[in-house]
């Protein structure tokens, strides 16, 4: 494999998603599932009065549904009926990055914390979201034209 040098000095404000779809903690999980399907996204910040209180991922829902469906534990199966709001599935108080952060700083946090999305905040207010997919796009754009050819 050939090493690719990547310019990681981009500011997150230049690569983040700014037009966000957000959820409220009391929104239904069904609403989140519909958004994931219809919008082809994998992470949704959970917000109250423009402040990030959580994040929910498509993987969170799939994992939870799989655990409940495959459990022999009656308590867990009964709990399925009660897991209907976003606050019951979301990761509360997610790691956030400041709007002045660089992509290098965000990438470091993602790798260290093993996460795929970071809400971007200015003070307490959400301003955007950076995902691992956004960072992969930067990597791809930094490839030489001949390197963008898919192997046969």
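All of the numbers you see were taken from the coordinates with simple rules; none came from a lab. Here the structure is a predicted model, which is why all the values come from computation and not from measurement. Cβ: placed from backbone, ideal geometry, glycine included. Neighbour counts: every protein chain shown.
Treat each spin label as a single point 7 Å out from the Cα along the C-beta direction, and report the residue 112 to residue 50 distance in nm.
Result for the modelled spin labels: 2.9 nm.
Among 140, 10, rank each residue by its count of other Cβ atoms within 10 Å, from fewest to most, as a rough exposure measure.
Lowest count first: 140, 10.
Could you check the simple spin-label distance between residue 124 and residue 84, using points 7 Å along Cα→Cβ, in nm with one decimal?
Each label point lies 7 Å from its Cα, and together they span 3.1 nm.
Please give the contour-minus-distance gain from residue 95 to residue 42: 0.36 nm per residue of separation, less the Cα-Cα distance, rounded to one decimal in nm. Write down the numbers at each step before the final one.
On the way: separation 53, 0.36 × 53 = 19.08 nm, distance 1.67 nm.
Additional length available on full extension: 17.4 nm.
Would you mind ranking 143, 23 so that the residue whose beta carbon has the fewest other beta carbons within 10 Å leads the list? Show your work: numbers first, answer last.
Working: 143 13, 23 22.
Going from least to most buried by this count: 143, 23.
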